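The values are calculated or read from the model by the stated rules, or taken from the named source; none is laboratory data. Quantities reported herein were computed from a predicted structural model and do not represent experimental measurements. Because the Cβ atoms are built from the backbone with ideal geometry, glycine has one as well, and the counts that use them run over all protein chains shown. With ligands, DNA and RNA removed, areas are computed over all heavy atoms of the protein, side chains included. Shrake-Rupley method; radii C 1.70, N 1.55, O 1.52, S 1.80 Å.
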Amino acid sequence: MSRRAIITGIAAGSVLPFVSSCTTNPETGRSQFLLMGDAEVASMATAAWSDMKSQTPQTSNSALRNRVLNVWNRTAKGAKRDHEQWDVAVFDTDDVNAFVMPGNRVGVYRGITELTENDDQLSSVLGHEAGHVTGRHAAERMSVQMAASAGMMAGQIAVASSEELSKYGSAIGALGGAAVQFGVVLPYSRNHELEADRLGVDYMHNAGYDVRQSVRLWELMDAQSKGQRPAEFMSTHPDPTRRAEELRQYINARGYAMM
Ligand SMILES: [Zn+2]
């Protein structure tokens with residue numbers, strides 16, 4: 001079903017049976033409101049991804065590229081997603097940022113690789129991005145936006161919408177023009193960020209990385225945010241000290257480490 005058909009359908013009420021049945025995500029066990037499948041979201045991101053790759057230079061540093069690919073592959077294996085096709089781009093800019101686009105597209109900027117002190121911290125960034133994929137956050141966010149734009153603001157959808165939509169406003173400018181234009185890498189909500197953090201730590205653990213380094217990464221982010229040039233990652237991933245603390249508690253609760 002096309003996006004237009006879904007919006008028209010929602011407006012006309014013909015998609016209501018679809019809406020009333022939520023999907024349970026096998027990765028998280030969480031019930032999700034989804035109006036579209038992964039394939040449709042992926043196709044909506046195709047143009048944005050190729051624009052991004054044509055407009056932003058990719059690194060010619062093969063050592064850096066290999067480092068990112070190796071950490072990505074190992075982390076993706078921890079997420080049991082290594083059998084899938086992934087397009088990983090390492091952009092040659094100072095931006096302290098990384099993102100994932102629907103359709104298994106991963107963007108990592110040189111700047112964030114330079115912030116990390118070791119591969120464990122890089123795995124923490126990449127595991128977090130993988131968590132957005134397995135958590136199906138893009139489809140969930142776009143479904144909520146669609147429902148909201150079609151005027152369906154009742155019941156649980158209204159709750160989800162206000163939670164999801166209220167987070168986007170100020171952070172959108174931090175992202176690339178093409179991506180924003182297509183609306184596929186808008187910032188995620190706080191709940192999505194925390195879920196991606198937890199999933200990322202699970203994948204780090206499965207992959208044999210030192211999960212404690214995820215806490216250290218957020219401390220580095222926090223320090224950077226107080227400097228002259230705040231990390232772009234911060235604008236879409238707020239509250240570093242609180243997230244470090246929540247990660248520490250999660251790591252202890254899961255028994256991955258004591259810290
Ligand atoms: Zn995130």
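Structure summary
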| quantity | calculated |
| --- | --- |
| Full-extension gain in nm, Thr93 to Ala63, via 0.36 nm per residue minus C-alpha separation | 9.2 nm |
| Within the accessible area of the range 85-135 (1.4 Å probe), percent carbon and sulfur | 33 |
| Estimated FRET transfer efficiency when R0 is 22 angstrom, pair Glu245-Arg30 (beta carbons, to 0.05) | 0.50 |
| Label-point separation, Asn118 to Ser50 (7 Å along Cα→Cβ), nm | 4.2 |
| Rounded FRET efficiency, nearest 0.05, which uses the C-beta distance separating Asp82 from Asn191 and R0 of 35 Å | 0.85 |
| Mean Cβ count within 10 Å, highest first, over the residues of peptides 121-128, 133-140, 248-255, 212-219 | 121-128, 133-140, 212-219, 248-255 |
| Label-point gap, in nm, between Cys22 and Arg254 - each point 7 angstrom along Cα→Cβ | 2.3 |
| Charge context of Lys53, other residues only, Cβ under 10 angstrom, K/R +1, D/E -1 | -1 |
| Contact order normalised by residue count of the range 20-153, Cα under 8 Å, 6+ apart, percent | 28 |
